Ligand code: HGY
Ligand code: MN
Ligand code: MN
């Protein structure tokens, strides 16, 4: 609740976008809490934050837990930050129990998971794990034309004393606690989701270019209305994505129109596409058909499409999943297997070390919405299971 003050919105949610002043304030509080616990704090060139409880064998690859603290513009108080604070609580509980694990335990705060201010998301975890190059993210700009590189420099200036740790460090395992962001656990009356994997996702940016004209005089047959063209194209993609099983997830979350003036025929419409499906081959073919649709002309306008990210469905290793399941059962906390329909930084850690996720329910499955909420009991149970899993991996 205290963390939710940073970027708090009047409707009770948070707007704490990546590398914003609200993000910097939240980082400041986290670093203070970590230092009070005697943890060692580090960062890296892509703005990830790490807080370490040293193990008896400092050379051994660490066990890492964490998530993100950046939010969507109308985000909730739990998406991401729950995993960071559950991780901090878990490390605090282990330390206060006087347990010194063999492997160091680290809390990770990944930079820009959400991809709202700077697209695509998961920049911190993908660069850390070597899936993306640092240069490919530094040049990305926000709506005001500020680049990730500039924003990172500002954040570094806020925390000049935090040492830079290397990218692509060897990790022993990574565990992320997160709210489900869907209705299944709550509907089934189950507390812990043993996450089996993450569904695939492809994101695109589509630019439609037409020509400014007078709204009152330009003849319809001569108009090159970029917005009407975008609407036609979006409708065509919507039809392509309609499946009976409701497995295809197609979202146009952002649409920018230029010049965006009521009496000027729009000359440009740029929109985002977020496309997801649990079956990687289906996602591949849907995305390719979408690309084909963009090859046509709509309202005499030109269409160009850029793929921003493409990630197949993944399955977490059974070793981690059974450890999570056993830990929940040992603590008589109900659990069930569940596929993550939402994306997470755990995707990129999965490519470099044994990785898993622990879900807890959220109210009505609502997320990426200011009404997002979770019960204290579920939040605490998730942290309890996290402690057990971290001990299982590090002692
Ligand atoms: O979009 C996602 O799946 C994640 O919550 N950023
Ligand atoms: Mn999240
Ligand atoms: Mn999110």
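Below is a table of values for the structure above.
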item: Test: residue in the stretch 204-213 that is in contact (Cβ under 8 Å) with a residue 60 or more places away in the chain, farther than 21 Å from residue 114 by Cβ and under 29 Å from the mean Cα position of the chain (by Cα); result: yes
item: Residue within the stretch 229-252 that is within 16 Å of ligand 3 (Cβ to nearest atom) and either outside the structural domain of residue 117 (by TED's automatic domain parsing) or outside any helix (DSSP H, G or I) (or both) present; result: yes
item: Residue in the stretch 167-179 that is farthest from ligand 2 (Cβ to nearest atom), counting only those that are over 15 Å from residue 371 (Cβ atoms) and crowded, with 24+ Cβ neighbours inside 10 Å; result: 173
item: Qualifying residue in the stretch 324-336 (condition: within 16 Å of ligand 2 (Cβ to nearest atom), touching a helix residue (DSSP H, G or I) at 6+ places or on another chain (Cβ under 6 Å), at pLDDT 95 or above and in the same structural domain as residue 180 (by TED's automatic domain parsing)); result: no
item: Count - residues of the stretch 113-130 that are within 16 Å of ligand 1 (Cβ to nearest atom) and more than 19 Å from residue 81 (Cβ to Cβ); result: 3
item: Checking residue 272 against (1) buried (at least 17 other Cβ atoms within 10 Å of the Cβ); (2) free of Cβ contacts under 8 Å to residues at least 40 places away in the same chain, the condition it does not meet; result: (2)
item: Within the stretch 58-80, tally of residues that are out of contact with any strand residue (DSSP E or B) (no Cβ under 7 Å at 6 or more places or on another chain) and either without any contact (Cβ under 8 Å) to a residue 40 or more places away in the chain or more than 16 Å from ligand 3 (Cβ to nearest atom) (or both); result: 4
item: Test: residue in the stretch 107-130 that is surrounded by fewer than 19 Cβ atoms within 10 Å (Cβ to Cβ), modelled with pLDDT of 95 or more and out of contact with any strand residue (DSSP E or B) (no Cβ under 8 Å at 6 or more places or on another chain); result: yes
item: The stretch 156-192: number of residues that are within 16 Å of ligand 3 (Cβ to nearest atom) and not in a loop (DSSP other than H, G, I, E, B); result: 4
item: Within the stretch 223-235, tally of residues that are surrounded by fewer than 16 Cβ atoms within 10 Å (Cβ to Cβ) and in contact with a helix residue (DSSP H, G or I) (Cβ under 7 Å, 6 or more places away or on another chain); result: 0
item: Tabulated pairs, the stretch 163-188, first more than 19 Å from residue 357 (Cβ to Cβ) and assigned by TED's automatic domain parsing to the domain that holds residue 374, second more than 15 Å from ligand 1 (Cβ to nearest atom) and outside any loop (DSSP other than H, G, I, E, B), C-beta under 6 angstrom, 6+ apart or interchain; result: 163/42; 165/42; 167/128
item: Given (1) surrounded by fewer than 24 Cβ atoms within 10 Å (Cβ to Cβ); (2) within 16 Å of ligand 1 (Cβ to nearest atom); (3) at pLDDT 95 or above, number of the condition residue 309 does not satisfy; result: (3)
item: Unique match (being within 16 Å of ligand 2 (Cβ to nearest atom) and in contact (Cβ under 8 Å) with a residue 60 or more places away in the chain) among 47, 55, 83; result: 83
item: All positions within the stretch 21-46 that are crowded, with 24+ Cβ neighbours inside 10 Å and closer than 22 Å to residue 175 by Cβ; result: 26
item: Single match in 193, 145, 197 (criterion: closer than 28 Å to residue 44 by Cβ and touching a strand residue (DSSP E or B) at 6+ places or on another chain (Cβ under 8 Å)); result: 197
item: Failed criterion for residue 362 (all others in (1) more than 16 Å from ligand 1 (Cβ to nearest atom); (2) crowded, with 24+ Cβ neighbours inside 10 Å hold); result: (1)
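The values are calculated or read from the model by the stated rules, or taken from the named source; none is laboratory data. For clarity, every value in this text was computed on a predicted model and none was experimentally measured. No Cβ is skipped: glycine too gets one built from the backbone with ideal geometry, and neighbour counts run over all protein chains shown.
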